[in-house]
Amino acid sequence: MSRDGRSRTRTYAAGALALLALATGCGEKGGGGSAAPAATAAAPAAPQSAGAAPAAAATTPGTAPAGGDAAAWAKWNLKPLAPAPAPPADKPVKLERTGAVPVFSDVKTSDKVVFITIDDGAEKDPKFVEMLTDLKVPISMFLTKDIVKNDYGYFKPLQALGNHIQNHTVTHPVMSKLAPEKQKAEICDDQSALTQQYGTAPLLFRPPFGDGANTPTLNTSVQECGPRAIVLWRESMQIHDMQYQAGDKKLKPGDIILAHFRGPKELKGATMTQMFGDLLARIQEQGFSVARLEDYIQAPAS
Ligand SMILES: [Zn+2]
């Protein structure tokens, strides 16, 4: 973890909730890759041959989540992303109802897609809702209760677009510094608040800063609160560009990208929609489309 990350960490550990709400962010700035612990999906590989899904998908583009019309992209001064292929029928990640949860930072797929996750929930810019309504780019939102509770409603139109809400603790602590009972309170209380507010229990959990993701203690805490996977990331969006964990600084099929609900204060004057537009441009220029993470994950049979 970068020194920068550590100092933020200390701020949070001191319990400065006011600062938290301002969210200079999540602190998941990822110092070029060292901060984000990489992990591979523990889920079994799909039995189907990798080549079969994209071929089938090409013939059924109707359900492509990313899209919007050309005029919508032009309105935001963006080139349209390639439409995403149809979601795979055989999900690359299969979650179990019980037992240890897998930890992953990408999804095994040959589809030329990446997944966008947006964390914390500090910036609540109405323009971003307008942008996503126009562009229909899928996102997953990992929300922190103490950061979103002043306006749970902001995220509801984003959810209504088909985007899922996932667990990111109550106060955004460094999880590995907490006793198991405290870890559990952080995850379980966010789980129940988000379930109550948004009507669906989060399936996925992301620890702040990616910290503790691979510890047995955190895995147990997650299991006891309901989420069935721990999700990390391969790239971290900053203001105009991404930090890549890979040395070649290129997106790979199935990469999970971390971004944040941030505004001008955290983005050196740039807005949430400018940041997100730049993120889409970086994805577009590398020839990728954006798919919905949850469409590549099979929830446990209930
Ligand atoms: Zn965070």
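Things to note:
- When each of Leu203, Leu218 is tested for being at negative phi, touching a residue at least 40 places away in the same chain (Cβ under 8 Å), of a type outside the set (Gly, Ala, Ser) and out of contact with any Lys or Arg (no Cβ under 7 Å at 6 or more places or on another chain), the lone residue that passes is Leu218.
- Filter result (of a type in the set (Asp, Glu) and within 30 Å of Pro173 (Cα to Cα)) within region 108-123: Asp119, Asp120, Glu123
- Enumeration of residues in region 83-97 that are assigned to a loop (DSSP other than H, G, I, E, B), under 23 Å from Cys225 (Cα atoms) and under 18 Å from the mean Cα position of the chain (by Cα): Leu95
- Applying the criterion of being closer than 22 Å to Ile256 by Cα and part of a helix (DSSP H, G or I) to the residues of region 211-220, the residue that is nearest to the ligand (Cβ to nearest atom) is Leu218.
- Residues of region 148-168 include at least one that is farther than 30 Å from Lys91 by Cα, within 16 Å of the ligand (Cβ to nearest atom) and either under 17 Å from the mean Cα position of the chain (by Cα) or modelled with pLDDT of 95 or more (or both).
- Given (1) buried (at least 24 other Cβ atoms within 10 Å of the Cβ); (2) in contact with a Ser or Thr (Cβ under 7 Å, 6 or more places away or on another chain); (3) more than 29 Å from Asp90 (Cα to Cα), number of the condition Phe276 does not satisfy: (2)
- Only one of the listed residues (Gln223, Gln183, Gln197, Gln243) is within 16 Å of the ligand (Cβ to nearest atom) and over 18 Å from the mean Cα position of the chain (by Cα). That residue is Gln183.
- Matching residues in region 169-180 - criterion: being farther than 26 Å from Val290 by Cβ and within 16 Å of the ligand (Cβ to nearest atom): Val170, Thr171, Pro173, Val174, Met175, Ser176, Lys177, Leu178
The values are calculated or read from the model by the stated rules, or taken from the named source; none is laboratory data. The structure presented is a predicted model; accordingly, all values stated were derived computationally and were not measured. Neighbour counts run over all protein chains shown; Cβ positions are idealised from the backbone, glycine included.
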